[in-house]
Amino acid sequence: MHEFDEFIEKHENPKHKKRFWEIVRWIDEKHPQLKREIKWNEPVYTDHGTFILSLNIRKNHLSICPENKTIQIFEEELKKREYGYGMMIVKIKWTQDVPYDLIEKMIEFNIEEKNHAGFWRKNN
């Protein structure tokens, strides 16, 4: 059983499950060094004990949560592409395409900028 199996079993919508697993497989392929964990009852990716991002399934969207500073850095791009966002969260509606290139930039930013400096970013 994989780290995220128990989380996904709680969700009933097969289309939501499918999209979740597509994103997880993509992250795993692009960043095999990242560790899968469950924290706060949601899937989390860490790098040497440093939070990189979390994922969650909601009724109207899939959440990508990379920390507030990361949201601020990519805010203009999120606006331009019309993705919902807030403090520490990007909302990808089920009707929207997954912005893999933007997720990649967020992951890379968190890995490089945080540089294993603790679980959370200081002065987030």
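Loop-located trypsin sites (Lys or Arg not before Pro) in segment 92-124 (DSSP state other than H, G, I, E, B) with a sparse environment of at most 15 neighbouring Cβ atoms within 10 Å: 122. When you restrict to C-alpha pairs under 8 Å that are six or more residues apart and normalise by the size of the chain, the relative contact order lands at 21 percent. A straight line joining the Cα centroids of segment 1-34 and segment 40-68 runs 11 Å. Counting every other Cβ atom within 10 Å of each residue's Cβ, 87, 106 order from fewest to most as 87, 106. The dipole here belongs to the chain: it is taken about the Cα centre, uses +1 on the Cβ of Lys and Arg and -1 on the Cβ of Asp and Glu, and is about 400 debye. Can you give the FRET efficiency for residue 18 and residue 75, using 1/(1 + (r/R0)^6), R0 = 30 Å, r = Cβ-Cβ distance, to the nearest 0.05? That pair, residue 18 with residue 75, gives E of 0.55.
Among the listed pairs 93/122; 30/114; 18/122; 10/114; 10/122; 17/105, those whose Cα-Cα separation exceeds 26 Å are 93/122; 18/122; 10/114; 10/122. Loop-located chymotrypsin sites (Phe, Trp or Tyr not before Pro) across segment 1-91 with a Cβ neighbour count of 11 or fewer within 10 Å are 40, with loop assigned by DSSP. DSSP loop (so not H, G, I, E, B), at most 14 other Cβ within 10 Å: list which trypsin sites (Lys or Arg not before Pro) in segment 29-64 pass both filters. When the trypsin sites (Lys or Arg not before Pro) of segment 29-64 are filtered for loop state and at most 14 Cβ neighbours within 10 Å, 58, 59 remain.
Taking GluC sites (Glu not before Pro) as exposed when DSSP calls them loop and at most 14 other C-beta atoms lie within 10 angstrom, the chain has its longest site-free stretch at 13-81.
Throughout, read-outs are computed from the coordinates displayed, never taken from laboratory work. This one's a predicted model, so the numbers in the text were calculated from it and none came from an experiment. Methodologically, a virtual Cβ is constructed for each residue, glycine included, from the backbone with ideal geometry; neighbour enumeration extends over all protein chains shown.
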